[in-house]
Amino acid sequence: MRGHVELGDGVHQLTVQTGVNVVVLRDDDGVVLVDAGLDRPGLTARLARLGIAPSDVTRVLLTHAHPDHIGGVRRLRRSGSAASVAIGRDDLAVARGLADPPAAEHLGGRLFSRLPAPGAWGRSVPIPDASALEDGQQLPIAGGLEVVATPGHTVGHVAFHLPARDVVIGGDVVFNVFSLRPAPAFLCWRSAPNLASVARLAALGAGTLALAHGQPVTDDVAGRLSQLIADG
C-alpha cells in the first residue's frame, strides 16, 4: 500500500494526509497511534486499509501540540474511538486549549504563528481530557515504550523509543523531506534545544527512525543524526 511502511513487528508508518505521517502500533492489547494527523479526512480511511476500525484504537500518544499532530483526534473519536490521549507535560496546556504556544525565538516563526489559520490545516481542536507524559516514563506498549523528552520544536515535544522493536518515533525533531535535516528554525520554539534533541535520539542507537514528515530512516540512524549535529 502506498504511503505505508512496516518498520518492525506491529509498527507501521502511515501517511494519512499529504506529507503527514502517523505511526500505528499493534499488539495483543489493541492499537495505539502516535500522532493523529490533521483535522481533515484521511486517518480513518488509511487505518481501514490495515483492517483497523476507529473502535480498535485504544490510545493516542502525541509527540507535540501542533495542529498536524493533534487535529485528527476529534475525527477519530467522532468515528467511534474511545481512545485516551496523552502528550508531553510541557505541551499539555496547549493541547487542552488552556494556553497559546510560547513565542518562537525566530522572527519567521513568530510571523508564521500570526498568519490566519488556512482552513483545516491550521485548526487545532482542544483535547480537554488529554493527560501528561513524563520523560523516562515506561508504557506497556509493543514490548515496552519509553517516553523521551525532545524539546525544541515545541517546549514539550517528546519522542518514543521501542527497544524491543529497535525503533524510535521522532515526531518533528527531524524532517526527511527531500533530505534529512533538523526541524526548520522558523517552525521551532527554540533551535538549540532541538539540536540537542537530535543528539538524544542519536544516542538511543535504534536501527530505525520513524518521522512525522518524510520517509523513515533505516540506515545508520545514529551516524546520520550525528552528522546533522556536526553540520550545526
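A few remarks follow.
- Residues (crowded, with 18+ Cβ neighbours inside 10 Å and of a type in the set (A, V, I, L, M)) located in the range 75-91: Leu76, Ala83, Val85, Ala86, Ile87
Each row is one residue, and each column tells you yes or no for (1) surrounded by fewer than 16 Cβ atoms within 10 Å (Cβ to Cβ); (2) at pLDDT below 95.
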position: Asp29; (1), (2): yes, yes
position: Asp39; (1), (2): no, yes
position: Pro67; (1), (2): no, yes
position: Ile70; (1), (2): no, no
position: Leu111; (1), (2): yes, yes
position: Gly119; (1), (2): yes, yes
position: Ser124; (1), (2): no, yes
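- Of the residues Asp129, Asp231, Asp219, Asp135, the single one that is modelled with pLDDT under 95 and either out of contact with any helix residue (DSSP H, G or I) (no Cβ under 9 Å at 6 or more places or on another chain) or under 28 Å from Thr58 (Cβ atoms) (or both) is Asp231.
- Boolean, Asp39 is of a type in the set (Asp, Glu) and under 22 Å from Val177 (Cα atoms): yes
- Which numbered condition Asp172 misses (of (1) of a type in the set (Asp, Glu); (2) surrounded by fewer than 20 Cβ atoms within 10 Å (Cβ to Cβ); (3) not in a strand (DSSP E or B)): (2)
- Residue match in the range 8-23 (condition: among the acidic types (Asp, Glu) and out of contact with any strand residue (DSSP E or B) (no Cβ under 7 Å at 6 or more places or on another chain)): yes
- Condition met for Phe160 (in contact (Cβ under 8 Å) with a residue 12 or more places away in the chain, of a type in the set (Phe, Trp, Tyr) and in a helix (DSSP H, G or I)): no
- For the range 182-205, the count of residues that are part of a loop (DSSP other than H, G, I, E, B), aliphatic (A, V, I, L, M) and more than 25 Å from Ile141 (Cα to Cα) is at least one.
- Pairs with Cβ under 6 Å, 6+ apart, first in the range 79-107 and touching a residue at least 60 places away in the same chain (Cβ under 8 Å), second of a type in the set (Ser, Thr, Tyr): Asp91/Thr154
- For the range 27-76, filtering for residues that are in contact (Cβ under 8 Å) with a residue 40 or more places away in the chain and in a strand (DSSP E or B) leaves 7.
- When Ala206 is tested against the conditions (1) at pLDDT 95 or above; (2) under 15 Å from the mean Cα position of the chain (by Cα), the lone failure is (2).
- Restricting the range 14-27 to residues that are under 14 Å from Leu61 (Cα atoms) and of a type outside the set (Lys, Arg), the residue that is surrounded by the most Cβ atoms within 10 Å (Cβ to Cβ): Asn21
- The condition of being more than 24 Å from Val217 (Cα to Cα) and modelled with pLDDT of 95 or more does not hold for Glu146.
- With respect to the stated conditions, Ala206 fails to be surrounded by fewer than 18 Cβ atoms within 10 Å (Cβ to Cβ), hydrophobic (A, V, I, L, M, F, W, C) and in contact (Cβ under 8 Å) with a residue 12 or more places away in the chain.
The values are calculated or read from the model by the stated rules, or taken from the named source; none is laboratory data. Predicted, not measured: the structure shown is a model, and the values here were computed from it. Using ideal geometry, Cβ is built from the backbone for each residue, glycine included, and neighbour counts are taken over all protein chains shown.
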